[in-house]
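The block underneath contains the structure these notes are about, expressed in structure tokens.
The values are calculated or read from the model by the stated rules, or taken from the named source; none is laboratory data. None of the values given here were measured: they were computed from a predicted structure. Because the Cβ atoms are built from the backbone with ideal geometry, glycine has one as well, and the counts that use them run over all protein chains shown.
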Amino acid sequence: MQKEHTQNIMGTARIGRLMLSMGMPMILSMMLQAVYNIVDSAFVSNMADNGEAALTALTLAFPVQMLMVAVGVGTGVGANALLSRSLGEGNREKVNLVAGNEEFLSFVIYAVFLLFGLFGARAYIQSQTTNALIIQMAVDYLRICCVASLGIVLFWCYEKLLQATGRSLFSTIAQVSGAVTNIILDPIMIYGLLGCPKFGVRGAAYATVIGQFVSLFAALFFHVRYNREITNSLRCLRPSAQIIGQIYTIGLPAIIAQALMSVMTYGLNLIFGTIGESAVTAYGLYYKIQQFILFAAFGLRDAITPIVSFNYGMQSRSRVRDGIKYGMLYTLIIMLAGTAVLEIFASPLSAVFGLSGETEALCISAMHIISLSFFFAGANVAFQGFFQALQSGGESLIVSVCRQLLFVLPVAWVLARIAQATGLIWLIWIVFPLAELLSAGIALLLMRRIYRSKIAGMEQ
């Protein structure tokens with residue numbers, strides 16, 4: 001067991017430096033994941049015909065893409081924490097079984113979204129709008145993304161396996177390769193450049209899924225080539241109820257937490273739709289812009305989880321405490337920087353997307369108001385990483401329900417009614433700072449309880 005620790009940097013390196021070395025590639029990786037949606041939105045919104053309608057179509061399709069992220073990444077989070085803890089315990093057989101079962105689950109996830117893309121996409125979009133043009137654009141985009149989702153689902157699998165063994169740089173390289181591919185192909189396939197047919201919104205979907213497959217092939221290569229702690233075997237692909245149960249004991253709260261983002265966005269699309277399509281479009285665009293900041297916090301959380309989990313498996317109190325201290329510190333620094341960026345550059349960022357005057361004004365007000373919640377949102381994300389690493393997924397779920405459901409949709413509905421009555425549409429954005437502040441208070445109380453029960457009693 002001690003040999004395993006000396007061979008893995010998560011058991012030996014200084015926590016502050018380790019979190020930076022592992023976290024920076026993960027942060028870049030997650031921010032590049034946000035690039036997929038931002039780049040698509042930027043190019044389709046500037047189409048010569050129906051650009052803003054196309055942007056609204058992508059906004060309506062977005063909750064399903066977020067749900068796909070929730071299931072895929074949440075499964076990966078569970079496998080990541082379980083595999084890291086197994087490495088910390090020196091249990092190589094379990095490490096292999098966790099990796100194999102994660103691969104098996106990825107194919108199951110793909111099958112579910114394939115069926116939804118084929119048979120459920122239209123009904124889902126029609127539940128949010130009656131605009132025939134927007135419906136057709138959204139269905140075309142969403143169906144392609146779901147039917148060809150194998151690339152992104154398997155990429156998340158191998159990305160998390162690389163992160164669990166401390167090789168996050170390779171997962172970032174794979175993410176970068178796909179993002180660059182997407183960025184290059186977007187204008188070519190949307191506008192019909194270099195002899196390519198002009199696909200419009202469908203071109204954005206084609207570029208996205210091609211980029212995802214590029215990322216998959218790169219991540220698979222790095223996994224096979226460098227993940228020496230994991231033995232790849234068909235035997236390990238055989239589903240194990242025990243291993244799958246352990247993965248989802250940790251990962252299910254993460255899945256629900258991410259899925260609540262999808263539920264929240266879908267619900268807000270319906271609520272804001274009562275005000276007008278401009279409010280829906282402004283919120284959808286702002287949400288994609290803010291992801292560039294929030295996904296940085298998610299990336300650091302993906303470093304926090306295996307580091308704290310590994311050292312929790314070692315029962316090292318000092319290293320667990322350092323993981324919590326540096327994880328929170330770095331997260332808050334990122335979020336304060338993100339707040340400053342959006343407050344300063346709100347107008348230039350909105351101008352990139354060629355919005356109408358009303359929609360652009362709403363998007364700018366969203367940046368100025370909602371970005372004030374980033375400090376508390378970052379703290380909530382970090383707390384959830386700690387909870388997952390310390391096998392306290394229920395507490396992570398409580399925070400997610402508070403910040404993405406309980407304190408959001410009811411308050412948003414009330415504010416929407418007030419905004420309609422007064423004409424002050426910007427009032428709807430106040431819901432986000434309020435929800436994050438209240439949720440951060442609850443998360444702090446939960447963290448104090450977990451610290452006393454799981455960390456304080458460890459040997460130094």
- Search region 277-288 for residues that are in contact (Cβ under 8 Å) with a residue 12 or more places away in the chain and surrounded by fewer than 24 Cβ atoms within 10 Å (Cβ to Cβ) and pair each with any residue that is acidic (Asp, Glu) and assigned to a helix (DSSP H, G or I) when their beta-carbon atoms are under 8 Å apart and the residues are at least 6 apart or on different chains. Ser278/Glu358
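Of all residues in region 232-276 being outside any helix (DSSP H, G or I) and small (Gly, Ala, Ser), which is nearest to Val411 (Cα to Cα)? Quick ask: steps written out before the conclusion?
Just the residues of region 232-276 that are outside any helix (DSSP H, G or I), to begin with: 232-233, 238-240, 274-276.
Imposing the further condition that a residue be small (Gly, Ala, Ser) reduces the set to 233, 240, 276.
Details: Ser233: 51, Ser240: 43, Gly276: 18 Å.
Top of the filtered list is Gly276.
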- Can you give me the number of residues within region 72-96 that are touching a residue at least 12 places away in the same chain (Cβ under 8 Å), surrounded by fewer than 20 Cβ atoms within 10 Å (Cβ to Cβ) and in a helix (DSSP H, G or I)? 4
- Task: Could you list all residues from region 327-366 that are under 30 Å from Asn311 (Cα atoms) and of a type in the set (A, V, I, L, M, F, W, C)?
- Result: Met328, Leu329, Leu332, Ile333, Ile334, Met335, Leu336, Ala337
- Message: From the list Ala53, Ala61, Ala99, exactly one residue is modelled with pLDDT of 85 or more, surrounded by fewer than 24 Cβ atoms within 10 Å (Cβ to Cβ) and either touching a Cys at 6+ places or on another chain (Cβ under 9 Å) or assigned to a helix (DSSP H, G or I) (or both). Which is it?
- Response: Ala53
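Checking the conditions here, which among Ile364, Ile307 is more than 30 Å from Gly276 (Cα to Cα) and touching a residue at least 12 places away in the same chain (Cβ under 8 Å)? Give the derivation first.
Details: Ile364 fails: more than 30 Å from Gly276 (Cα to Cα).
Sole residue among the options that is more than 30 Å from Gly276 (Cα to Cα) and touching a residue at least 12 places away in the same chain (Cβ under 8 Å): Ile307.
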- Query: Across region 106-128, which residue is farthest from Glu52 (Cα to Cα) among those that are in contact with a helix residue (DSSP H, G or I) (Cβ under 6 Å, 6 or more places away or on another chain) and touching a residue at least 40 places away in the same chain (Cβ under 8 Å)?
  - Reply: Ser106
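Give region 133-147 a look and list any residue that's in contact with a Phe, Trp or Tyr (Cβ under 7 Å, 6 or more places away or on another chain) and within 15 Å of Asp40 (Cα to Cα), or say none. Break it down into steps so the answer makes sense when it comes.
Residues of region 133-147 that are in contact with a Phe, Trp or Tyr (Cβ under 7 Å, 6 or more places away or on another chain), as a first pass: 144, 146.
Matches in region 133-147: Ile144 only.
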- Item | Residue that is surrounded by the most Cβ atoms within 10 Å (Cβ to Cβ) [pool: residues in region 183-228 that are over 14 Å from Asp140 (Cβ atoms) and aromatic (Phe, Trp, Tyr)] | Phe222
- Message: For region 342-350, check the following and say yes or no: at least one residue is of a type in the set (A, V, I, L, M) and either modelled with pLDDT under 90 or surrounded by fewer than 17 Cβ atoms within 10 Å (Cβ to Cβ) (or both).
- Response: yes
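Condition test on Gly78, is it at pLDDT 85 or above, in contact with a helix residue (DSSP H, G or I) (Cβ under 6 Å, 6 or more places away or on another chain) and not charged (D, E, K, R)?
Values: at pLDDT 85 or above: yes; in contact with a helix residue (DSSP H, G or I) (Cβ under 6 Å, 6 or more places away or on another chain): yes; not charged (D, E, K, R): yes.
Considered against the rule, which asks whether it is at pLDDT 85 or above, in contact with a helix residue (DSSP H, G or I) (Cβ under 6 Å, 6 or more places away or on another chain) and not charged (D, E, K, R), Gly78 comes out as yes.
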- Query: Which pairs do you get when a residue that is β-branched (Val, Ile, Thr), found in region 420-433, comes within reach of a residue that is not in a helix (DSSP H, G or I), reach meaning Cβ atoms under 8 angstrom, with the pair 6+ apart or on two chains?
  - Reply: Ile425/Ile275; Ile428/Ile275; Val431/Phe407; Val431/Val408
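Residues that are among the small types (Gly, Ala, Ser) and modelled with pLDDT under 90: which helices (runs of 4 or more DSSP H) entirely in region 145-231 hold 2 or more of them?
Numbers: elements: 150-164, 168-191, 201-226.
So the answer is 168-191.
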- Query: For region 281-333, what are the residues that are over 15 Å from the mean Cα position of the chain (by Cα), within 23 Å of Phe62 (Cα to Cα) and not β-branched (Val, Ile, Thr)?
  - Reply: Ala282, Tyr283, Gly284, Leu285, Tyr286
- Considering only residues of region 146-178 that are surrounded by 24 or more Cβ atoms within 10 Å (Cβ to Cβ) and farther than 15 Å from Leu216 by Cα, which is farthest from the chain's Cα centre (by Cα)? Thr165
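How about region 205-245: which of its residues are of a type in the set (Lys, Arg) and free of Cβ contacts under 8 Å to residues at least 24 places away in the same chain? Before you say what the answer is, go through the steps one by one.
So the first thing to find is which residues in region 205-245 are of a type in the set (Lys, Arg), and the list is 225, 228, 235, 238.
Within region 205-245, Arg225, Arg228 qualify.
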- Query: When region 20-71 is examined, which residues are found to be without any contact (Cβ under 8 Å) to a residue 24 or more places away in the chain and within 14 Å of Phe298 (Cα to Cα)?
  - Reply: Met24
- Which ones in region 304-362 are in a helix (DSSP H, G or I) and aromatic (Phe, Trp, Tyr)? Phe310, Tyr312, Tyr326, Tyr330, Phe345
- In region 129-142, residues that are without any contact (Cβ under 8 Å) to a residue 40 or more places away in the chain and under 22 Å from the mean Cα position of the chain (by Cα) total 0
